[in-house]
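A quick write-up on the structure given underneath.
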Amino acid sequence: MTLLIGITLILHFIGLASLLGGVLVQVKDTIAGQGRVVAAMIHGALTQLVTGVLLVGFIQMAGGDINNTKIAVKLAIVLIITVLVFLFRKKRPVESWVVWLIGLLTLANIAIAVLWR
Ligand code: HEM
């Protein structure tokens, strides 16, 4: 079970890299008003959703502690990100606030994951 949790956490980091990486490669274009929602953001958001839920299940099965309030907040944030990437995935260019908000919410979830103990 420890290995399963570890592998799922690695996939959780890959999803984070995809989501945040997608935002970072769009910074220059977004500043110029030409940003867009890229596939890496969509795949990253979905990966975070799936691996996050799996992590909760695996950790609970292993008898580990889960902070339910923290997970509820992370889940709510990732759902907003998922709605945003799907709503705006075909808009070219997308309104700049969409890319900034996706980035901000991603950073918020990283801060919550690391700082909320
Ligand atoms: C943008 C979305 C997300 C980001 C950026 C993110 C980020 C992170 C990071 C950086 C860690 C490692 C923290 C550490 O081990 O110190 C982590 C762990 C974890 N994440 Fe996420 N996460 C996201 C979404 C979710 C969602 C939606 C869930 C559950 C529904 C979730 C559940 C977990 C769990 C269970 C852990 C294991 C450690 C813990 O209990 O905090 N995550 N996440």
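None of the figures in this text is laboratory data; all of them are computed from the coordinates on show. Worth saying up front: this structure is predicted, and the values here are computed from it rather than measured. We place every Cβ from the backbone using ideal geometry, glycine too, and count neighbours over all the protein chains shown.
On the basis of the beta-carbon distance and an R0 of 22 Å, N67 and A17 show a calculated FRET efficiency of 0.40. Evaluating 6.51 cos²θ - 1.76 cosθ + 1.60 at θ = phi - 60° for every residue in the stretch 82-87, the Karplus couplings come out as 4, 4, 4, 5, 6, 4 Hz, glycine and proline recorded as x.
In this Cβ point-charge picture (+1 for Lys and Arg, -1 for Asp and Glu), the chain has a dipole of about 280 debye about its Cα centre. Under 5 Å between amide hydrogens, built in the peptide plane, is the criterion, and for R36 it picks out V94 among residues at least 5 positions away or on other chains. For the stretch 13-21, putting each phi into the Karplus relation 6.51 cos²θ - 1.76 cosθ + 1.60 with θ = phi - 60° gives couplings of 6, 5, x, 4, 4, 5, 5, 5, x Hz, in residue order, rounded to whole numbers and with x for Gly and Pro. Per residue, the convex hull spanned by the Cα atoms of the chain amounts to 85 cubic angstrom. Computed from backbone phi with θ = phi - 60° and the Karplus coefficients 6.51, -1.76 and 1.60, the 3J(HN,Hα) list for the stretch 24-40 is 4, 6, 9, 4, 4, 5, 5, 4, 7, x, 10, x, 8, 7, 9, 4, 4 Hz; x is used for glycine and proline.
For the stretch 60-95, backbone nitrogen atoms closer than 14 Å to the point 7 Å from V50 Cα along Cα-to-C-beta are found at no residue. Charges on Cβ only, +1 for Lys and Arg, -1 for Asp and Glu, centred on the Cα centroid of the stretch 35-117; of A62, L87, L101, which one is farthest towards the dipole's positive end? Projecting each Cα onto the dipole axis, the largest value belongs to L87. If you run the Gaussian network model on the chain, springs between alpha carbon atoms under 10 Å, then out of T69, T106, T82 the most flexible one is T69. For the pair V83 and D29, label points projected 7 Å from Cα toward Cβ lie 2.5 nm apart.
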